[in-house]
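Written below as structure tokens is the structure these notes are about.
The values are calculated or read from the model by the stated rules, or taken from the named source; none is laboratory data. Not measured: the values here are computed from a predicted model. Every residue, glycine among them, receives a Cβ derived from its backbone with ideal geometry; neighbour counts consider all protein chains shown. For the accessible areas, the whole protein counts, side chains as well, though only heavy atoms, and no ligand, DNA or RNA atoms are used. Shrake-Rupley method; radii C 1.70, N 1.55, O 1.52, S 1.80 Å.
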Amino acid sequence: MNMPKPQPGIMDINLYVGGASHVDGVADVLKLSSNENPWGPPPAAVQAIKDTAGDLHRYPSTDHADLRAAIGRVHDLDPDHIICGVGSDEIITFLCQAYAGPGDEVIYTEHGFSMYKISARAASATPVCVEETDRRVDVDKIIAGITDRTRLIFIANPANPTGTFIPMDDVTRLADAVPAHVILVLDGAYAEFADGYDGGAALVRDRSNVVMTRTFSKLYGLGGLRVGWGYAPRAIIDVLNRVRGPFNLSVPALAAAQAAISDTAFTAHMLAENATARDQLRADLAACGVPSDVSDANFVLARFKDHQQADACNDHLMAQGILVRKVGGYGLPNCLRMTVGRPQDCKRLTDAVAQFMEGQS
Ligand SMILES: *Cc1c(COP(=O)(O)O)cnc(C)c1O
């Protein structure tokens, strides 16, 4: 029968698997599976949404000028080089849609975020996986993987789900080696959590083919609202704006994101809470025999003996209503990714892991 056919690559997409959010029969669920801010959204953002309720009959602005100006102020960036999207996922989508097509290659790394592969396939391009070294993005292997067909390279720094961070020297070396026809995308979803890191903004400013993406979903506690942004050379912004829907961000989303980024005291407080709780979480896991790499993000990748032990620990946690993330789909079947919660959340988590580990060996 003659059927409508999707574009090449679409049916090869494996659907994105989000973090679990409920457990049957458990009321007091602790969700540490999606790297959300455990403290909730910024109160200023909640108020801003309430304040927009009477304006919902109006279309939002198409140029996001106020939000871009606020982002520019806080990060000391030129607002004309900023584009806002429905999460940074949408910026990733725009990049693939605008710069990659059939026959083109999109490089991502072994344990890299799954949206890179999904968006490449959605554009009918070919995702190319480059190995990492000890759960760390390996710049030399990426450079060796570049071909005439490469159009985009995606790395997250700090990376998800590993939490590992590569120093600015390595990022710069990669940017230096990327040919002019290739765009290097620095996904900074967790950039704020890495002390002293600007997400690669200075590299973007100095070059014609480096883009940085950022999000309101993690540190800013607004994952449910869907707002992210990109910072890029003006020529790339001009391209991305052509594929962006004119009203991609709603009135409440624009208002809340602007309020959130302007509340620098809130973000400073969240960063401090995260750093303290993260160090404690790593130490408490190590004390019960569960190692993890140093994390520069708001989660920890706990390593178990093998994938059976990781699965069994996940089951044990689930039974107590604690949700963490299995990462077998990221090539890390012996690991569980655990979002840093409030101190009491981390205690509940590590008590449960300790109890599980006592039953092992
Ligand atoms: C969470 C995350 C994102 C972005 O998510 P949005 O909610 O779409 O902004 C992007 N990259 C990585 C690596 C992430 O973990």
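Given axes a ≥ b ≥ c from the Cα gyration tensor, I'd like to know whether segment 228-361 is rounded (a/c under 1.5), prolate (a/b larger than b/c) or oblate. Here segment 228-361 falls in the prolate category. Between residue 50 and residue 2, the FRET efficiency from the beta-carbon distance, with R0 = 41 Å, is close to 0.20.
For residue 31, the lysines whose Cα falls under 23 Å of its own Cα, not counting residues fewer than eight places away in the same chain, are 218, 326, 347. Other residues lying with their Cβ under 12 Å from the Cβ of residue 170 contribute a combined charge of -1, Lys and Arg counting +1, Asp and Glu -1.
In segment 46-168, what percent of the accessible surface is made up of carbon and sulfur (1.4 Å probe, ligands and nucleic acids excluded)?
Ligands and nucleic acids excluded, carbon and sulfur give 48 percent.
Between residue 74 and residue 27, the contour length at 0.36 nm per residue exceeds the Cα-Cα span by 13.0 nm.
Quick check: the distance between the Cα centres of segment 250-281 and segment 97-151, to the nearest angstrom? About 30 Å separates the Cα centre of segment 250-281 from the one of segment 97-151. In this calculation the C-beta distance from residue 173 to residue 13 is compared with R0 = 22 Å, giving a FRET efficiency of 0.10. Choose one answer from 90, 105, 273: the residue with the largest mean-square fluctuation in a GNM of the chain with alpha-carbon springs under 10 Å. Maximum fluctuation in the GNM of the chain, among the listed residues, is at 273.
Solvent-accessible surface of segment 51-263, averaged per residue with a 1.4 angstrom probe and all protein chains in place: 38 square angstrom.
Eigenvalues of the Cα gyration tensor times 5, then square-rooted: what semi-axes does that give for segment 69-140, in whole angstrom, largest first? Show your work: numbers first, answer last.
On the way: eigenvalues 136, 64, 20 Å².
Semi-axes (√(5λ), whole Å): 26, 18, 10.
When the Cα atoms of the chain are aligned to their principal axes, the ranges along those axes come out at 58, 55, 51 Å in descending order. Of all the options 175, 159, 69, the one that moves most in a Gaussian network model of the chain with Cα springs shorter than 10 angstrom is 69. Stretching residue 141 away from residue 342 to a fully extended chain increases their span by 68.6 nm, per 0.36 nm per residue minus the current alpha-carbon distance.
Based on alpha-carbon atoms, the Kirkwood radius and the radius of gyration of segment 51-263 give Rg/Rh equal to 0.96. The length gained by stretching the chain between residue 305 and residue 181 to full extension, at 0.36 nm per residue less their Cα-Cα distance, is 40.3 nm. Mind giving me the FRET efficiency for residue 361 and residue 275? R0 is 25 Å, r the Cβ-Cβ distance, nearest 0.05 is fine. With a Förster radius of 25 Å, E is 0.20.
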